[in-house]
Amino acid sequence: MNDKMIALYLTVMERFRSLKSSERGQTVVEYGLILVLIAIAAIVVMKGVGTSSSTAFSKVNSALQ
């Protein structure tokens, strides 16, 4: 999955570079970078929630046994 994310990132960045020459392209690049930062933040948050959820379910499972 990590390789797919890297490939997607490289593809998106290459498209942004091709739009870089115009002012409209600069706006697209800026929005793209904002979206990338939001995506990274969402992934970090989801990992944290997933870990804490897993811990909570493990505790409940242990208590039920």
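Computed from the coordinates by the stated procedures, all read-outs in this text should not be read as laboratory data. What you see is a predicted model, and the numbers here were worked out from it, not measured in a lab. Every residue, glycine among them, receives a Cβ derived from its backbone with ideal geometry; neighbour counts consider all protein chains shown.
Things to note:
- Residue-averaged 222 nm ellipticity for the chain, from DSSP H runs of 4+ at -39500 (n - 2.57), nearest 500: -33500 deg cm²/dmol
- Cα centre as origin, Lys/Arg/Asp/Glu Cβ charges: the chain dipole, Debye: 80
- Using alpha-carbon coordinates, inclination of helix 2-19 to the longest axis of the chain, degrees: 20
- Modelled spin labels at Ile43 and Ser58, positioned 7 Å past Cα toward Cβ, are 2.4 nm from each other.
- Kirkwood-based shape ratio for the chain, expressed as Rg/Rh from alpha carbons: 1.30
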